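Structure, as structure tokens:
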Amino acid sequence: MEKYFKKISQSSNETSKKDKEQSTKRICVKIESSRNQEVDLENLPSDPGLRIPIYEFSPNIQDQKFRRRYTRAISIAITNFIKEEIGENYFSLLVDEARDISSKEQMAIVVRFVNKKGMVVECFLGIIHVAETTARMLKKSIEELLSTYGLSISKLRGQGYDGASNMSGEFNGLKALFLNENNAAYYIHCFSHQLQLALVYVAKNHVQIALLFSVISNMMNIVGVSCKRCDQLRDKQRERTLMELQNGELVTGQGLNQEITLKRSGDTRWGSHYESIIRLIIMFPSVIDILEVVVEDGISSEQKGEAFALLGTMQSFEFSFCLLLMKDILGITAELS
């Protein structure tokens, strides 16, 4: 890519001495649209509105190497701005880890601090791949990232994690390891997780609601685990969607009627119960069709019997009522996610 970049200089009559010193670091990108675009990959502005959109460059420089350099330069500019905003002030950490689609454990780190205007802000600092999810490995990865941006653990004044034992363990959790080094790094259980756990706990104290989630979980074990059943469910839903579109029962438009699958709920995953219920309601007729198929050609008599029991329960008035009731209740708090 060196042939597309060259050093440029400016005359002292056009710029001040300060501008001239900065201009020596700029990289000039030749554009085929009869004008030159100056892109300072060494010192990109942190404000996105002041950066040149990559789609404005001509195709001959929109190669993979340039995009990587440009994206990396933007990342450095943003994180440097965050570092300057924090300065020598105190800050807090918000950390969560999850497994991505490629089954790799990823840890997201957010810093919370008071900026120069006296406002409390939260800034995303980065995502780190972690080989293990033990508290010591997470602590080591966090310290390495913080040291990269010159942030010291001694300035840490708050920790915000979920309730997992490796994060909030009293003696060997991530919070305890930081508290051993800095007793001012107070731990606060994530409020969203607290509310999620409280909602699920209270709801499941009702027998009918507990049965609802139990039935959904058992249905997922039959329909959602097998690749064969998932393909059958996807085909059934596609056929039903096409038929409803032809009959004018569904509204067409951008982003509507996308292909979806059933989703398993988890007590500590915010909004997962609501999303699980929504998808089941959308795909309910197709799910019933697949359960009827399992009753006919299940791999064992036990599976056939369980599918038959699920058919009876899921088509009852009580199940349908609880399903729609929980959709409305959880829909109120879904806005907080």
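The values are calculated or read from the model by the stated rules, or taken from the named source; none is laboratory data. Computed from a predicted structure; not experimentally measured. Counting neighbours? That spans all protein chains shown, and the Cβs are built from the backbone with ideal geometry, glycine included. Ligands, DNA and RNA are excluded from the accessible area calculation, which covers all protein heavy atoms including side chains. Shrake-Rupley method; radii C 1.70, N 1.55, O 1.52, S 1.80 Å.
General observations
- The magnitude of the dipole of segment 210-297, with charges of +1 and -1 set on the Cβ of Lys/Arg and Asp/Glu and taken from the Cα centre, is near 340 debye.
- Vicinal HN-Hα couplings computed from phi for segment 319-334 (Karplus, 6.51 cos²θ - 1.76 cosθ + 1.60; Hz; Gly/Pro x): 5, 5, 5, 5, 4, 6, 5, 5, 4, 5, 5, 5, x, 5, 8, 5
- Residue by residue, segment 79-84 carries 3J(HN,Hα) couplings of 5, 5, 5, 4, 4, 5 Hz when phi is fed to the Karplus relation 6.51 cos²θ - 1.76 cosθ + 1.60 (θ = phi - 60°); x denotes Gly or Pro.
- Total charge dipole magnitude, segment 104-184, about the Cα centre, Cβ charges on Lys, Arg, Asp, Glu only, Debye to nearest 20: 340
- Accessible-area rank, largest first, for VAL120, VAL215: VAL120, VAL215, with all protein chains present and a 1.4 angstrom probe.
- Area accessible to solvent at SER154, 1.4 Å probe radius, in Å²: 70
- Segment 83-157 - Rg (one decimal) and Dmax (whole number), Cα, Å: 13.2, 41
- Signed unit charges on C-beta, dipole axis of segment 203-301, positive-most listed residue LEU250, GLY298, ASN221: ASN221
- All Cα pairs of segment 189-294, percent lying beyond 24 Å: 35
- In segment 213-253, GluC sites (Glu not before Pro) in a DSSP loop with at most 14 other beta-carbon atoms within 10 Å: GLU249
- Distant-in-sequence amide H partners of ILE260 (H built 1.01 Å from N, under 5 Å): none
- Ranked by solvent-accessible area (1.4 Å probe, protein heavy atoms only, all chains present), the residues LEU146, LEU197 order from largest to smallest as LEU197, LEU146.
- Solvent accessible area, Å² - CYS230, 1.4 Å probe, full protein context: 40
- Cα centroid separation - segment 288-337 against segment 189-246, whole Å: 8
- Solvent exposure of THR79, expressed as accessible area, is near 10 Å², computed with a probe of 1.4 Å over the protein chains only.
- By accessible area with a 1.4 Å probe, ligands and nucleic acids excluded, highest first: order of ASP289, ASP328: ASP328, ASP289
- Computed from backbone phi with θ = phi - 60° and the Karplus coefficients 6.51, -1.76 and 1.60, the 3J(HN,Hα) list for segment 188-203 is 10, 5, 3, 4, 5, 5, 4, 5, 4, 5, 5, 4, 5, 5, 5, 5 Hz; x is used for glycine and proline.
- Measuring nothing but protein heavy atoms, the accessible surface of segment 223-328 at 1.4 Å probe radius is 54 percent carbon and sulfur.
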